[in-house]
1. Given A:T154, A:T200, which one is within 14 Å of chain B (Cβ to nearest Cβ) and modelled with pLDDT of 90 or more?
2. Name every residue in segment A:360-405 that is at pLDDT below 80, more than 18 Å from A:V307 (Cβ to Cβ) and open to solvent by 70 Å² or more (accessible area, probe 1.4 Å), in order of residue number.
3. Kindly provide the set of residues from segment A:91-100 that are open to solvent by 50 Å² or more (accessible area, probe 1.4 Å) and either away from chain B (no Cβ under 14 Å) or touching an Asp or Glu at 6+ places or on another chain (Cβ under 6 Å) (or both), ordered by number.
4. On the given criteria, is A:A62 within 30 Å of B:W127 (Cβ to Cβ), buried (at least 16 other Cβ atoms within 10 Å of the Cβ) and not assigned by TED's automatic domain parsing to the domain that holds A:G172?
5. Counting only residues that are within 30 Å of A:A394 (Cα to Cα) and assigned by TED's automatic domain parsing to the domain that holds A:T319, give me the helices (runs of 4 or more DSSP H) lying completely in segment A:244-303 with at least 3 of them.
6. Given B:S255, B:S216, B:S210, which one is over 29 Å from B:K102 (Cβ atoms) and among the small types (G, A, S)?
7. Please go through segment A:246-259 and pick out each residue that is modelled with pLDDT under 80 and surrounded by fewer than 17 Cβ atoms within 10 Å (Cβ to Cβ).
Amino acid sequence: MKIWRMAFRNILRMKRRSLITTLAMAFALGIMIVYSCLMDGLVHDMEKNATMLEMGHVQIHAPGYLESPSIYKRIEDPESLVASLQNAGFHASYRLFASGLAARGNASAGVQFRGVDPTLESDTTRLPHHLLEGKWLDEKEPKNVVLGKRLAQTLSAKVSDEIVVVSQASDGSIANELYIVAGILKSVGEIVDRSGLFMTVSAFRELMVMPEGSHEIVIAVPPEQELQDALPAIKKIAQGLDVKTWEQLNPALAEMINSADAFLIPLIVITYMAIAIVILNAMLMAVFERIHEYGVMKALGVGPFSVFRLVLIEAFIMTHGAAILGLATGVPLAFYLETHGIDLGIFAQGATISGVAIDLVWRSLVSVSSILMPLIFLYILVLLGTMYPAIKAARLKPVDAIHHH
Amino acid sequence: MRKLFYKNMVQIWTFVFVIFFIVSLLAPITSQTADPDAHAILKKIDDLWRGTSSKAILTMKVKTIHWERTLTMEAWSQGTDKTLVKVIKPLKERGTATLKVKNEAYNYLPKTDRAIKLTAAMMLGSWMGSHFTNDDLVKESRMSEDYDPSISFSGKREGADIIELTLTPKPEAPVVWGKLIVIVHANDLQPIRITYYDEDMIKAREMTFSDYKLASGRMVPMRMIMRPTDKPKEFTEIIYNELIFDVAIPEGFFSLAQLRH
């Protein structure tokens, strides 16, 4: 017990040095917690953006559609298929695609018409909430369309502008119609940004003379369910159709997300190493400043093991303090960044990875492991960082130490 | 010595003979590259439907594996660079029109009351759902401007006297084809068939002509069929129901304002 009292006294005796050491460790811990949470958030957001924004977790197409898309390769009766998928606990929405031309004034652009059910789409993907300006489609307003970001730029179209579209309907006739721009999307992905022209399913059916069928069904698996577990059920419902997961649809992106952890490890190692040096330095200084003192202790008959324990106990008392302080600042900050994020919009206009937009607000993701790991790491670091000075102190020869300056 | 001279003479004569033989082989090729006949034939095909002006009523039948439809259209032309085509039937598409003035073309859509300018990117798109492209329309009657013709065959083939022209694009010509093979009747130079090859010299499509008739004192094929090679079951057929040359067309007829009428 005596040794604990000594340790406390030693810490309190040198208030300023103890405070600096504790604060350095607390600061290091806080940084590590926030950093881990941010990195987790980055990976998580990438995956969420990739899937929930537009792609969904699973997509269904008619066989051969993905290899060579054609308005005639349809999924028959998508309404009942979506209903069965919903009964099985999934979120699902069907989409209709056709290519054509949109023009406004003298500007024109090749576009992809995308007929969607406004309500089902809201239920399945985040697309309806991903608007730069204006509003999402409404079944009651069939003349409204929503444009991809770059398409709107090409046509210099703004909300409530009129645009003309032309195409060849599925019966061969000339499809042409005048629409009103209701909304413009934020960056979603290459294809949608450049050529996406969203309209309601009924508007699409009328324009393209396609009374039934659809080209794509997009499915979101509820968060509590694993994709691989859900797949057999989806395949059973969509028998005879082409069922693909988002990883199969965009393998480059899946690869990137899956290897993101590997990417982050060197970054984390570098950060932690820098922090380890800070802690080690503080500990070394604390011991070497007091070599004279330890010499006196040893001269008074304190055994080497007691000196060793004393140094370690001092370090651990300070580490406890630092842990409490670090957690008290790092965890709330990580939580704050989870809700508010860091707005990168001031640095970049919008970015895409493998054709999928990434969010410009960088949010953290707080998890037990991303708090516990830095904490454990701090203790290990302190233990390693103190071991050398502690051994050094224990092995001091009293006479040399007392004469040491 | 004499013997040697003799031997040399044989060699010289052999040499001269071989040279002559090679030159005689090359002769037709060199004369082809600047064949005035080939140019004249091509010019005649270009000018077939071209007068000072023309007015026509034509039927266009388009057949694809998914649908089949027939459009009746009215067409006017003036000189080489003014064309206006308007749909009369079916009723749903009545008034849909294409206007071409020089190298600019517009599609007018009555339902939206808008005219859309055809940009470079749309040139390879289908014209009114047919197997003709917008590019065909804009570049009609200018084969002699864009291609160098040469006669590649002349004589009897499939029981008819024909002349076959091979057209290669001029170096700077803005064309999408690798070459064209044009076959005409040898006697009256009426076109029989134009075969289009892509840039890899693979056959892409074929247009055949038939039903040669007199219109305003001119012999013209009244029926044309375009068949894409990669879609053997599809074709577009154009039949002239009426064709009058040298009609009076009012000033300002080929304008965007006219499209609305």
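1. Within the list A:T154, A:T200, the selection yields A:T154.
2. Within segment A:360-405, A:H405 is the sole residue that qualifies.
3. Within segment A:91-100, just A:H91 meets the criteria.
4. Judged against the criteria, A:A62 is a match.
5. A:260-288, A:291-299
6. After ruling out the rest, the residue left standing is B:S210.
7. Hits for segment A:246-259 are A:N258, A:S259.
Residues checked against (1) at positive phi; (2) touching a residue at least 60 places away in the same chain (Cβ under 8 Å); (3) polar (S, T, N, Q):
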{"residue": "B:T112", "(1), (2), (3)": "no, no, yes"}
{"residue": "B:M123", "(1), (2), (3)": "no, no, no"}
{"residue": "B:N134", "(1), (2), (3)": "no, no, yes"}
{"residue": "B:V138", "(1), (2), (3)": "no, no, no"}
{"residue": "B:Y147", "(1), (2), (3)": "no, yes, no"}
{"residue": "B:F153", "(1), (2), (3)": "no, no, no"}
{"residue": "B:K156", "(1), (2), (3)": "no, no, no"}
{"residue": "B:G159", "(1), (2), (3)": "yes, no, no"}
{"residue": "B:L165", "(1), (2), (3)": "no, yes, no"}
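The values are calculated or read from the model by the stated rules, or taken from the named source; none is laboratory data. What you see is a predicted model, and the numbers here were worked out from it, not measured in a lab. Counting neighbours? That spans all protein chains shown, and the Cβs are built from the backbone with ideal geometry, glycine included. With ligands, DNA and RNA removed, areas are computed over all heavy atoms of the protein, side chains included. Shrake-Rupley method; radii C 1.70, N 1.55, O 1.52, S 1.80 Å.
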